[in-house]
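Here is the structure we will look at, set down as structure tokens.
The values are calculated or read from the model by the stated rules, or taken from the named source; none is laboratory data. Bear in mind the structure is a predicted one, so any value in this text is a computation, not a measurement. Cβ placement follows ideal geometry from the backbone for every residue including glycine, while neighbour counts extend to all protein chains displayed.
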Amino acid sequence: MLTLNETVFHSQELASLEWHTISVASVLERLSVSPPAGLDDSQVVRRRTTYGLNKITPSPSNAFKKIMEWIFGGFGSLLLVASLVCFIAWYESEHSLYLFNSFLCQETSRKSTRGF
């Protein structure tokens, strides 16, 4: 993670980037490179120690974070909440139906004992 000073420095560096506007000869002169000869061994070693290898490093993958974003981000969170509401309503309706049936059976048994 970059600090605020490093971010400001990088943004200023990008703002002053002019490599695309200068000629090829000027670029070669600034980088101290000869097109037929290329870089000598000392320049290669110095640039590798300064800038590192010329290869793209993969970004670190955080599987837990990706799964949580998939579940709770966007439409997934809406589906999760809707399924919870559905299960709560189903449980309440089943529970209410059971209570209603037991109450109805008690009323029926009371009516039969009264002789109606």
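Among the residues of the range 83-92, is there at least one that is in a loop (DSSP other than H, G, I, E, B), modelled with pLDDT of 75 or more and not β-branched (Val, Ile, Thr)? Scanning the range 83-92, I find no residue that is in a loop (DSSP other than H, G, I, E, B), modelled with pLDDT of 75 or more and not β-branched (Val, Ile, Thr), so the answer is no.
The set of residues in the range 17-69 being closer than 30 Å to Leu84 by Cβ and surrounded by 11 or more Cβ atoms within 10 Å (Cβ to Cβ) consists of Lys66, Met68, Glu69.
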